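A.B. asks: Could you have a look at this structure, given as structure tokens, before my questions?
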Amino acid sequence: MKLSDLGPLMARRRDGGLSFGRFSAAPELASLWPDDVLEQFLFDHGDNAPFVYDYGNIDLRDIAWRLETIPAADFNEMPTGASDAGCIETYAENPVHWVTVRPPEIGRHWEMHGTWLRPPILIDRRLLTPSESGLQVVEGRTRVGVLRGRLREELHIASNHQAWVGHLRQHQELKPAEHG
């Protein structure tokens with residue numbers, strides 16, 4: 001199942017016909033991914049043309065998601081999709097601005113905990129190109145940009161950050177039953 005297979009569902013969401021609860025309960029999505037990933041990846045961006053360009057060739061059933069702890073330094077060189085190249089760096093130029101234009105609890109969380117309030121979505125780059133390695137920012141480009149900017153400006157940041165990471169799901173082949 002690819003993003004293009006979700007066209008009718010995305011059209012209903014776009015027309016206001018689906019809340020996230022109803023969207024996530026759709027038979028093709030039920031139990032596919034954790035709700036936080038489903039909302040940030042598919043509900044928020046599943047029909048955004050540049051996003052579809054970057055991630056539309058992935059079989060969504062091939063991705064297994066885990067909430068992982070990532071060292072802050074690992075985010076410094078982490079790319080995003082080709083259609084949004086440079087956007088993380090743009091957010092990093094003025095991290096204070098990008099926090100102040102968000103709800104106040106986001107700024108308080110950065111000041112108190114040195115990290116984002118909601119984990120961003122990252123993907124193992126091998127899902128996109130088997131010869132690649134490392135992680136790529138799928139959603140949360142502003143958050144990662146703020147982190148980079150805060151690092152550069154020597155503002156308070158945590159040494160580790162939570163992120164949803166999508167890895168290639170290991171499909172288990174069914175073995176024929178042994179007969180004795």
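The values are calculated or read from the model by the stated rules, or taken from the named source; none is laboratory data. Computed from a predicted model, the values in this text were never measured in an experiment. Positions of Cβ are generated from backbone atoms using ideal geometry, with glycine treated the same way; all protein chains shown enter the neighbour counts. All accessible areas refer to the heavy atoms of the entire protein, side chains included, with ligands and DNA or RNA removed. Shrake-Rupley method; radii C 1.70, N 1.55, O 1.52, S 1.80 Å.
A.B. asks: What's the number of the only condition in (1) outside any helix (DSSP H, G or I); (2) among the small types (G, A, S); (3) surrounded by 12 or more Cβ atoms within 10 Å (Cβ to Cβ) that G145 fails to meet?
C.D. replies: For G145, the exception is condition (1).
A.B. asks: While we're looking at this one, here's another question. Do you know which of the residues in the range 105-115 that are surrounded by fewer than 19 Cβ atoms within 10 Å (Cβ to Cβ) and in contact (Cβ under 8 Å) with a residue 24 or more places away in the chain is farthest from D36 (Cα to Cα)?
C.D. replies: Among those residues, the one meeting the criterion is E111.
A.B. asks: Right, another one. May I ask you to verify whether P34 is in contact with a Phe, Trp or Tyr (Cβ under 7 Å, 6 or more places away or on another chain) and not polar (S, T, N, Q)?
C.D. replies: Answer is yes for this residue.
A.B. asks: Within the range 172-179, identify whether any single residue is out of contact with any Asp or Glu (no Cβ under 7 Å at 6 or more places or on another chain) and touching a residue at least 40 places away in the same chain (Cβ under 8 Å), and answer yes or no.
C.D. replies: Within the range 172-179 (the criterion being out of contact with any Asp or Glu (no Cβ under 7 Å at 6 or more places or on another chain) and touching a residue at least 40 places away in the same chain (Cβ under 8 Å)), the answer is no, since none of the residues qualifies.
A.B. asks: Restricting the search to the range 121-142, which residues are of a type in the set (S, T, N, Q) and open to solvent by 20 Å² or more (accessible area, probe 1.4 Å)?
C.D. replies: Matches in the range 121-142: T129, S131, S133, T142.
A.B. asks: Now a separate question. For the range 74-87, which residues satisfy the criterion of being in contact (Cβ under 8 Å) with a residue 24 or more places away in the chain and either open to solvent by less than 20 Å² (accessible area, probe 1.4 Å) or not charged (D, E, K, R) (or both)?
C.D. replies: Hits for the range 74-87 are F75, N76, M78, P79, T80, G81, A82, S83, C87.
A.B. asks: Filter the range 44-55 down to residues that are in a helix (DSSP H, G or I) and of a type in the set (D, E) and give me whichever is farthest from Q136 (Cα to Cα). Break it down stepwise before answering.
C.D. replies: To start, the set of residues in the range 44-55 that are in a helix (DSSP H, G or I) comprises 44-45, 49-55.
From what is left, the residues that are of a type in the set (D, E) are 44, 54.
Numbers: D44: 18, D54: 11 Å.
Looking at residues that are in a helix (DSSP H, G or I) and of a type in the set (D, E), I get D44.
A.B. asks: For the range 11-23, state whether one or more residues are among the aromatic types (F, W, Y) and under 20 Å from V146 (Cβ atoms).
C.D. replies: No.
A.B. asks: Oh, and also: Out of R102, R118, which single residue is touching a residue at least 60 places away in the same chain (Cβ under 8 Å) and either assigned to a helix (DSSP H, G or I) or open to solvent by 40 Å² or more (accessible area, probe 1.4 Å) (or both)?
C.D. replies: The conditions single out R118.
A.B. asks: Taking the residues in the range 1-43 that are outside any helix (DSSP H, G or I), in contact with a helix residue (DSSP H, G or I) (Cβ under 8 Å, 6 or more places away or on another chain) and open to solvent by 60 Å² or more (accessible area, probe 1.4 Å) as candidates, determine which candidate is modelled with the highest pLDDT.
C.D. replies: Looking at residues that are outside any helix (DSSP H, G or I), in contact with a helix residue (DSSP H, G or I) (Cβ under 8 Å, 6 or more places away or on another chain) and open to solvent by 60 Å² or more (accessible area, probe 1.4 Å), I get K2.
A.B. asks: If you check T90 against the conditions, is it of a type in the set (S, T, N, Q), open to solvent by 40 Å² or more (accessible area, probe 1.4 Å) and part of a helix (DSSP H, G or I)?
C.D. replies: When the stated conditions are applied, T90 passes them.
A.B. asks: Tell me, yes or no, whether the range 132-152 has at least one residue that is among the acidic types (D, E) and in contact (Cβ under 8 Å) with a residue 60 or more places away in the chain.
C.D. replies: yes
Each row is one residue, and each column tells you yes or no for (1) among the acidic types (D, E); (2) under 26 Å from N160 (Cβ atoms).
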site	(1), (2)
G17	no, no
A26	no, no
L38	no, yes
E89	yes, yes
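A.B. asks: If you take the residues of the range 44-73 that are among the polar types (S, T, N, Q) and within 17 Å of D124 (Cα to Cα), which of them is least open to solvent (accessible area, probe 1.4 Å)? Write out each step before concluding.
C.D. replies: First pass over the range 44-73, keeping only residues among the polar types (S, T, N, Q): 48, 57, 69.
Okay, now just the ones that are also within 17 Å of D124 (Cα to Cα), so 57, 69.
Values: N57: 131, T69: 83 Å².
Filtering the range 44-73 for residues that are among the polar types (S, T, N, Q) and within 17 Å of D124 (Cα to Cα), the one least open to solvent (accessible area, probe 1.4 Å) comes out as T69.
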